[in-house]
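Participant: If you scroll down you'll find the structure; I have some questions about it.
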Amino acid sequence: LLKGRSIPGKILSQRVDLPDSSNLYSPTYQRSLSYNDAGTNDHTSETGEEEVHSTSKPVGSSSESKLKISTAPVENSSEFVRKSSMGGRATDSARVTKFTKVLSGTMVILDKLRELAWSGVPDYMRPAVWRLLLGCAPPNSDRKEGVLRRKRLEYLECVSQCYDIPDTERSDDEINMLRQIAVDCPRTVPDVSFFQQQQVQKSLERILYTWAIRHPASGYVQGINDLVTPFLVVFLSEHLEGDIDSWSMSELTSEKISNVEADCYWCLSKLLDGMQDHYTFAQPGIQRLVFKLKELVRRIDATPEPVSTHMEQQGLEFLQFAFRWFNCLLIREIPFNLVQRLWDTYLAEGDALPDFLVYIFASFLLTWSDEILKLDFQELVMFLQHLPTENWTDQELEMVLSRAFMWHTMFNSSPSHLST
């Protein structure tokens, strides 16, 4: 357990010089991930273009937790985690060099790419890395242009068949779904002015409606509109410069907009392929993960006054606040400028993402343990629906991810660990 790489997460705490950081280690674990090239149920022409074997968990490092959570294993490992974090993550320039080396090969080794991406991807490399992690682009660089061109043409064909048709050719359900999407698009990330542009909302509408028609098992579910936004921003960053608040899609040609939409469509399809039951009738996948979250928080938080016990006493169910977390993958809970960094880790997790979300959300919830214990039911509902994350930086997010990694290492292979 104590061999491997350092805990993931960027070190932003005070630097401490150690004699030899190369001898400092922290837990790592093995994960079986499967990525197919195409990434959707309805798209089989690209299946089998990529083969990926099991991968070791990527790592960076963590800083000391400010949580007042008293569990023996956590306490015993705190010094170990602190030490491993000191020499953990390499400098930014070194990380860029590692990414460049992996991406410049004729055949990209996706296992290595995931290890690097878990701890964050340089902004200008993110579009290429995300396409590879989600199978939108093949690992064979010689085939990349051909595959992307074919997928983008297929998306255009889907749009012409599904979206660019009169309402007289749609069923009543399809008309209602399109109307719901049209209502939700202006509500998407309302705090970011870029998403209020009409062209942006039209692109979201095309992507969402086309995806919903091609995935009738779930169709459109509120919340999926949020999941498109990180992809849209990342792929637009290849064509638009400066801060997102200064972006305008009117500067782009129709071809570039179409290519961006296509990449968003295929990446969204691959992401949701791994958690389809999150968005089918009654959303059973989310309900199952909310139950796991409740159990995990109970096992982790062994303080004299546990958070889970306090919530039960106040009559607050986890489903009342955590459902939105799973439905929107925390996009509505943290500043939008941190979402891309969070999603680097999401996409690096691959098919194991739904399981790892439970640990991320447990870490996120217990960040506020001191505050939660002071609140009654009404105050809890308001607090958990409007968490004070507006001033969060990378440091707070890295802490959440680092704790999640540590707890996953401790509990995932032994679910009865620390149970009472």
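The values are calculated or read from the model by the stated rules, or taken from the named source; none is laboratory data. Everything numeric here is computed off the predicted structure, so don't read it as measured data. Neighbour counts are summed over all protein chains in view; Cβ atoms, including those assigned to glycine, are modelled from backbone coordinates with ideal geometry. Side chains included, ligands, DNA and RNA excluded: accessible areas come from the protein's heavy atoms. Shrake-Rupley method; radii C 1.70, N 1.55, O 1.52, S 1.80 Å.
Participant: Out of curiosity, is residue 332 touching a residue at least 60 places away in the same chain (Cβ under 8 Å), closer than 20 Å to residue 384 by Cβ and of a type in the set (Lys, Arg)?
Facilitator: Against the criterion (touching a residue at least 60 places away in the same chain (Cβ under 8 Å), closer than 20 Å to residue 384 by Cβ and of a type in the set (Lys, Arg)), residue 332 qualifies.
Participant: Test residue 377 against the criterion of being within 16 Å of residue 308 (Cβ to Cβ), open to solvent by 10 Å² or more (accessible area, probe 1.4 Å) and either at pLDDT 95 or above or touching a Cys at 6+ places or on another chain (Cβ under 6 Å) (or both), and give yes or no.
Facilitator: Against the criterion (within 16 Å of residue 308 (Cβ to Cβ), open to solvent by 10 Å² or more (accessible area, probe 1.4 Å) and either at pLDDT 95 or above or touching a Cys at 6+ places or on another chain (Cβ under 6 Å) (or both)), residue 377 qualifies.
Participant: Just name the residue that is most open to solvent (accessible area, probe 1.4 Å) out of those in region 228-280 that are in a helix (DSSP H, G or I) and of a type in the set (Gly, Ala, Ser).
Facilitator: Going through the qualifying residues, I end up with 254.
Participant: Given 279, 265, which one is modelled with pLDDT under 95, aromatic (Phe, Trp, Tyr) and more than 21 Å from residue 190 (Cα to Cα)?
Facilitator: 279
Participant: With the checklist (1) within 24 Å of the chain's Cα centre (by Cα); (2) modelled with pLDDT of 95 or more; (3) open to solvent by 40 Å² or more (accessible area, probe 1.4 Å); (4) farther than 21 Å from residue 351 by Cα in hand, flag the one item residue 182 doesn't pass.
Facilitator: (1)
Participant: Here's another thing I want to ask about it. Within the set of pairs 6+ apart or on separate chains, which have a first residue in region 346-360 that is farther than 15 Å from residue 135 by Cβ, a second that is among the aromatic types (Phe, Trp, Tyr) and open to solvent by less than 10 Å² (accessible area, probe 1.4 Å), and C-beta atoms under 6 Å apart?
Facilitator: Matching pairs, first to second residue: 359/407.
Participant: So, of the residues in region 284-305 that are in a loop (DSSP other than H, G, I, E, B) and surrounded by fewer than 20 Cβ atoms within 10 Å (Cβ to Cβ), which turns out to be modelled with the highest pLDDT?
Facilitator: 305
Participant: Please verify whether region 164-172 includes one or more residues that are surrounded by 12 or more Cβ atoms within 10 Å (Cβ to Cβ), outside the structural domain of residue 397 (by the TED database) and farther than 30 Å from residue 357 by Cα.
Facilitator: Checked against the condition, which is being surrounded by 12 or more Cβ atoms within 10 Å (Cβ to Cβ), outside the structural domain of residue 397 (by the TED database) and farther than 30 Å from residue 357 by Cα, region 164-172 yields at least one hit.
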